[in-house]
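*Asks:* Handing you this structure, nothing more for now.
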Amino acid sequence: MIKFVVAALWIVAVTIGSILFAFSSTGEKPNDGDRAYLEGLEYFKTEIVSVPVIQKGEVRGYFLTRLVYTVDPEKLKKLKLPLDTLLVDQLYTYLFSNPLIDFSQTDTLDLDALRNGLRDSINKRVKDQLIEDVMVQQVDYLTKSDIRDNALRRRDSNGGSNRPVLR
């Protein structure tokens, strides 16, 4: 009987020890750079923003995006301008001041450069590290022909009219 109790206690001790070792060996300690994603930041999601893409003086299409910004709440309190106004204005300013960004060439579009450039331009404008990161929730590019095709499909599905069908 004593051997049975000692064996049971040994099995319990080995099981608990192996579980503790497994949890401690697989859990990585976050470094200071990773802590920013875990605590102290607020996330601000924009509505869908539509930016016309102009090439050679003509509207070629529309760049549609929804972005999520990580913002330092202490620095946000010091901001006198509404955050959504600042973010949308700076998105337009950044995209129009960088004519080399070609949204029609989706295979060569560098999203990291776009996100980092946008973050840096906002921080430069407010002269502080307000935005920690820019995350892309949605990115679309619609040409003028895509928009026309969608309008025609909508008209055809409504019996030749773009007005909603009342039933």
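The values are calculated or read from the model by the stated rules, or taken from the named source; none is laboratory data. This one's a predicted model, so the numbers in the text were calculated from it and none came from an experiment. Glycine gets a Cβ as well: all are built from the backbone with ideal geometry, and neighbour counts include every protein chain shown.
*Asks:* Only residues that are in contact with a Leu (Cβ under 8 Å, 6 or more places away or on another chain) and free of Cβ contacts under 8 Å to residues at least 60 places away in the same chain: list them for segment 69-88, please.
*Replies:* Filtering segment 69-88 for residues in contact with a Leu (Cβ under 8 Å, 6 or more places away or on another chain) gives 69-73, 75-76, 79, 83, 86-87.
Hits for segment 69-88 are 73, 75, 76, 79, 83, 86, 87.
*Asks:* Now for a different question. With respect to the numbered conditions (1) at pLDDT 80 or above; (2) more than 37 Å from the chain's Cα centre (by Cα); (3) surrounded by 10 or more Cβ atoms within 10 Å (Cβ to Cβ), which one is the sole condition not fulfilled by residue 17?
*Replies:* Residue 17 satisfies all of (1) at pLDDT 80 or above; (2) more than 37 Å from the chain's Cα centre (by Cα); (3) surrounded by 10 or more Cβ atoms within 10 Å (Cβ to Cβ) except (1).
*Asks:* Of 60, 66, which residue is touching a residue at least 60 places away in the same chain (Cβ under 8 Å) and more than 19 Å from the chain's Cα centre (by Cα)?
*Replies:* Working: 66 fails: more than 19 Å from the chain's Cα centre (by Cα).
One residue alone meets the criteria, 60.
*Asks:* Within segment 78-110, which residues are hydrophobic (A, V, I, L, M, F, W, C) and either modelled with pLDDT of 80 or more or surrounded by 10 or more Cβ atoms within 10 Å (Cβ to Cβ) (or both)?
*Replies:* Restricting attention to segment 78-110, the residues satisfying the condition of being hydrophobic (A, V, I, L, M, F, W, C) are 79, 81, 83, 86-88, 91, 95-96, 100-101, 103, 109.
If the condition is that a residue be hydrophobic (A, V, I, L, M, F, W, C) and either modelled with pLDDT of 80 or more or surrounded by 10 or more Cβ atoms within 10 Å (Cβ to Cβ) (or both), then 79, 81, 83, 86, 87, 88, 91, 95, 96, 101, 103, 109 are the ones that fit.
*Asks:* Which one is nearest to the chain's Cα centre (by Cα), of the residues in segment 111-135 that are surrounded by 14 or more Cβ atoms within 10 Å (Cβ to Cβ) and hydrophobic (A, V, I, L, M, F, W, C)?
*Replies:* This residue is 134.
*Asks:* If I ask for residues that are surrounded by 17 or more Cβ atoms within 10 Å (Cβ to Cβ) and β-branched (Val, Ile, Thr), which ones from segment 52-76 would you list?
*Replies:* Across segment 52-76, the qualifying residues are 53, 65, 70, 71.
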